[in-house]
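Okay, so here's the structure we're looking at.
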Amino acid sequence: MSKTHIKKKDLPYRLGVGAVLFNAVGHVLVAQRIDTPGDAWQMPQGGIDKDEDPRETVFRELEEEIGTANAEIIGESEGWLTYDLPKALRKTVWKGRYRGQKQKWFALRYLGCDADIDLTAHKHPEFSAWKWAPLDEIHDLIVPFKRDLYKDIVATFRHLADKG
């Protein structure tokens with residue numbers, strides 16, 4: 001069977017992590033992807049390398065995507081959360097090998113200052129802009145195919161938003 005005829009249900013999920021990075025007032029960091037047209041934002045996230053622990057991955061991804069990992073883990077999703085890519089993206093993202101991502105999400109308290117955040121710190125920046133947003137508003141900022149995932153993330157970590 002050629003790759004063009006592989007059904008979504010037959011493709012695996014790519015393993016990854018996500019970071020709900022809270023600042024001192026309980027808002028979370030969202031960033032605008034360079035490669036996504038329109039006004040779509042997301043929280044830092046990325047793939048787990050072979051033999052890498054998810055806790056190590058979340059700090060590596062923060063360093064790569066926002067230039068700092070000055071944070072501490074304050075929460076973790078109980079299980080793995082998933083999202084599926086739309087059919088049009090599935091053919092090109094990750095060379096068509098995955099149906100979407102299966103992610104372990106972590107809540108982290110940011111210990112640095114805003115000036116430490118540098119989207120160009122890595123040689124291949126993923127984001128063009130960033131901001132702090134109330135947790136309950138992030139659902140409306142992201143691409144539609146990740147909205148159910150973000151509802152689960154908000155429900156999982158809402159209790160931490162007031163703790164700042």
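The values are calculated or read from the model by the stated rules, or taken from the named source; none is laboratory data. Everything quoted here is computed from the prediction, not taken from an experiment. Methodologically, a virtual Cβ is constructed for each residue, glycine included, from the backbone with ideal geometry; neighbour enumeration extends over all protein chains shown.
Okay, residues lined up against (1) part of a loop (DSSP other than H, G, I, E, B); (2) among the hydroxyl-bearing types (Ser, Thr, Tyr):
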| site | (1), (2) |
| --- | --- |
| ASP51 | yes, no |
| PHE59 | no, no |
| GLU65 | no, no |
| THR82 | no, yes |
Please work out which residue is nearest to ALA19 (Cα to Cα), limiting yourself to the stretch 67-78 and to residues that are part of a loop (DSSP other than H, G, I, E, B) and in contact (Cβ under 8 Å) with a residue 24 or more places away in the chain. SER77
When you go through TRP80, TRP94 one by one, which is the residue that is within 15 Å of LYS146 (Cα to Cα), out of contact with any helix residue (DSSP H, G or I) (no Cβ under 8 Å at 6 or more places or on another chain) and either surrounded by fewer than 16 Cβ atoms within 10 Å (Cβ to Cβ) or among the small types (Gly, Ala, Ser) (or both)? TRP80
For the stretch 84-103, which positions are in contact with a strand residue (DSSP E or B) (Cβ under 9 Å, 6 or more places away or on another chain) and in a loop (DSSP other than H, G, I, E, B)? LEU85, ARG97, TYR98, ARG99
Out of LYS50, LYS102, LYS91, report the one residue that is touching a Ser or Thr at 6+ places or on another chain (Cβ under 6 Å) and of a type in the set (D, E, K, R). LYS102
Exactly one of PRO37, PRO12 is over 18 Å from THR120 (Cβ atoms), of a type outside the set (D, E, K, R), surrounded by fewer than 11 Cβ atoms within 10 Å (Cβ to Cβ) and at pLDDT 90 or above, and that one is PRO12
Could you tell me which residue of the stretch 105-149 is nearest to the chain's Cα centre (by Cα), considering only residues that are without any contact (Cβ under 8 Å) to a residue 40 or more places away in the chain and either closer than 22 Å to LEU15 by Cβ or not in a helix (DSSP H, G or I) (or both)? ARG147
For the stretch 86-108, name all the residues that are within 24 Å of LEU21 (Cβ to Cβ) and not aromatic (Phe, Trp, Tyr). VAL93, GLY100, GLN101, LYS102, GLN103, LYS104, ALA107, LEU108
Counting only residues that are under 17 Å from PHE59 (Cα atoms) and surrounded by fewer than 16 Cβ atoms within 10 Å (Cβ to Cβ), the stretch 97-113 contains a total of 3
Can you tell me how many residues within the stretch 46-58 are of a type outside the set (Lys, Arg) and surrounded by fewer than 20 Cβ atoms within 10 Å (Cβ to Cβ)? 7
